[in-house]
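Inspection log for the structure reproduced underneath, given as structure tokens.
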Amino acid sequence: MVDEPQEQIPVPIPDKLFFKIGEVSQLVGVEAYVLRYWETEFPGLSPRKSDTGQRMFRRKDVELLLNIKHLLYDRKFTIEGARKALQTAPKPTKTPKPKPVRQVSLFTTDDPLPGIRQELEAILKLMRK
């Protein structure tokens, strides 16, 4: 019988900018020392430190930790295997912002040049007066 990869159950992450290590420990379900160890093993994991030296994790760090836990505990990867799996995983792509559309006139026409020509002629008439 072949072990099928288990589906990762989404964990609700509070809508905050930063999380302390104790909060992350509870969210991920591992002890704080495990998080500190993973920090040394996974280069993508880099929590900031506050002025007091407290580790401050961002949302993306928490998501990465949940993914690491899934790979190690559920899928039974080794540390090296999990590291490789994270490196080869497709990166989420950012959708580019659409460029603003420049409107030439309020009316839809195939060729805006006649309207522009008329406006320029009207401006010339005003200037000649």
Worksheet entry | Extreme residue, farthest from PHE18 (Cα to Cα), among residues of segment 43-55 that are within 18 Å of the chain's Cα centre (by Cα) and of a type outside the set (A, V, I, L, M) | PRO43
Worksheet item: When segment 77-112 is examined, which residues are found to be modelled with pLDDT of 70 or more, of a type outside the set (Val, Ile, Thr) and surrounded by 10 or more Cβ atoms within 10 Å (Cβ to Cβ)?
Response: PHE77, GLY81, ALA82, ARG83, LYS84, ALA85, LEU86, GLN87, ALA89, PRO112
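The values are calculated or read from the model by the stated rules, or taken from the named source; none is laboratory data. Keep in mind that what you see is a predicted model, and the values were worked out from it rather than measured. Here the Cβ is made from the backbone with ideal geometry for all residues, glycine too, and neighbour counts use every protein chain on show.
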